[in-house]
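The values are calculated or read from the model by the stated rules, or taken from the named source; none is laboratory data. What you see is a predicted model; the values in this text were computed from it and never measured. Because the Cβ atoms are built from the backbone with ideal geometry, glycine has one as well, and the counts that use them run over all protein chains shown.
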Amino acid sequence: MYKIARIESLLAGAQETLTNYEALLKSDPDSLFNRGMVKNTVEHISELRSNLVFEKNKREKEIIDLRLKGHLARLGTLPLDLLGQFTKSLSDCIVEASRKIAYGNRATPKVLDHIKNTIDLRFDRLIPGSTHILITGQTAPDLFGNSMIEDALKNTFNILNAENGDELFLQSERYGGKGVKKIDHLLNLSIKNKLEFDLEWTSPGNANFKWEGTSSKINQLHSSLAQISINDPEEIEFNGILHMLSLKGQLEVREEGNKSMMMLFPLAMLDNVRQIQIGDACYGVAVKTILNNKVTGQEKISYELKDIRLNDTYPVDILI
């Protein structure tokens, strides 16, 4: 697990180095040094990704530790139908978070089937004499070393542990409107049945994620989520210069007038995005979503990439 964290750290550094040398090569296409550094760094990144995929495949499974507490969970027992409802609700949260990460706003039955088959959530076992449940899911890294369930669990713990309104806004944007509703349903189920629950998981990089769901925390988060409204997504077009790119799912395009547009993009678009380099002219379609806090009036606009292409006719020097 420590090896995975080290590889991920080296990979992040190598990707930053590649971005820098690609920019230098673009400004000086005849530089043999910059050309060589780009080639060597690309090869280094490819080797690191192969190692990361290998290590995550060796791990095989993610183990989610769920503990249910409350009057109905006394003496280590729980009504069977309630156990089924609760684990189904938690499963829905993880599946929806995985879908958002991998496919963005695409939610066809085929997509959902693919996600469920990939992460393969399963009831592993019930610890005897308790309502302590172990749930497993497949790590299943892709060719770049990204694991849907790993990123979905990180986002789930991040929204549960959001400490203030600004952070909850940010995590709600990443989790998506449908995901927020799934989380709220889980909280509602807990409140209705007077259940508390704890979640714990150790990531492939050996980071420990934990949430202690006391009644007060469950009610507070439920109340905070109820204040957030998310409008129906709207498609908009953009045209500009790629200014920033992170292979972890974010990019920035500068449009005419130096207007900046930050966008998230799903893993399914990674191959498309990698065809465009920093400084390239590009155009495409983004999905615009507006989050509102109905109490404070705070508003946040988020953009998710739907399509992006090179634009050979755009005047690149317009932003210089």
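Of the residues in region 23-33, at least one is of a type in the set (Gly, Ala, Ser), farther than 30 Å from VAL287 by Cα, surrounded by 14 or more Cβ atoms within 10 Å (Cβ to Cβ) and not assigned by TED's automatic domain parsing to the domain that holds ARG122. It is to be established whether one or more residues within region 42-57 are farther than 30 Å from GLU16 by Cβ and among the aliphatic types (A, V, I, L, M). No, region 42-57 contains no residue that is farther than 30 Å from GLU16 by Cβ and among the aliphatic types (A, V, I, L, M).
When LYS192, LYS210, LYS182, LYS178 are screened for being farther than 12 Å from THR156 by Cα, among the charged types (D, E, K, R) and either crowded, with 16+ Cβ neighbours inside 10 Å or within 18 Å of the chain's Cα centre (by Cα) (or both), only LYS178 passes. When you look at LYS248, is it under 15 Å from the mean Cα position of the chain (by Cα) and within 30 Å of GLY279 (Cα to Cα), yes or no? Here the answer is yes, as LYS248 does meet what is asked. Note on region 68-78: residues that are more than 10 Å from LYS194 (Cβ to Cβ) and loosely packed, with under 12 Cβ neighbours inside 10 Å amount to 2. The condition (being crowded, with 16+ Cβ neighbours inside 10 Å and closer than 30 Å to SER302 by Cα) is satisfied by just one residue among GLU96, GLU55: GLU96. The set of residues from region 84-117 being farther than 18 Å from GLY249 by Cβ and without any contact (Cβ under 8 Å) to a residue 24 or more places away in the chain comprises GLY84, LYS88, THR108, PRO109, LYS110, LEU112, ASP113, HIS114, LYS116, ASN117. Would you confirm, using the coordinates I've provided, whether PHE157 is under 14 Å from the mean Cα position of the chain (by Cα) and not basic (Lys, Arg)? So PHE157 fits the description; yes. Across region 225-245, the number of residues qualifying as within 25 Å of LEU189 (Cα to Cα), more than 21 Å from the chain's Cα centre (by Cα) and not hydrophobic (A, V, I, L, M, F, W, C) comes to 1.
May I ask you to say which residue of ASN20, ASN40, ASN51 is of a type outside the set (Val, Ile, Thr), in contact with a helix residue (DSSP H, G or I) (Cβ under 7 Å, 6 or more places away or on another chain) and not assigned by TED's automatic domain parsing to the domain that holds ASP184? That would be ASN51, the only listed residue that is of a type outside the set (Val, Ile, Thr), in contact with a helix residue (DSSP H, G or I) (Cβ under 7 Å, 6 or more places away or on another chain) and not assigned by TED's automatic domain parsing to the domain that holds ASP184.
Between SER229, SER223, SER216, the distinction of being outside any loop (DSSP other than H, G, I, E, B), of a type in the set (Ser, Thr, Tyr) and in contact with a Lys or Arg (Cβ under 9 Å, 6 or more places away or on another chain) belongs to SER229 only. For region 1-29, the set of residues classified as outside any helix (DSSP H, G or I) and within 17 Å of GLN277 (Cα to Cα) consists of ASP28, PRO29, listed by residue number. Across region 34-82, the number of residues qualifying as touching a residue at least 24 places away in the same chain (Cβ under 8 Å) and more than 24 Å from the chain's Cα centre (by Cα) comes to 14.
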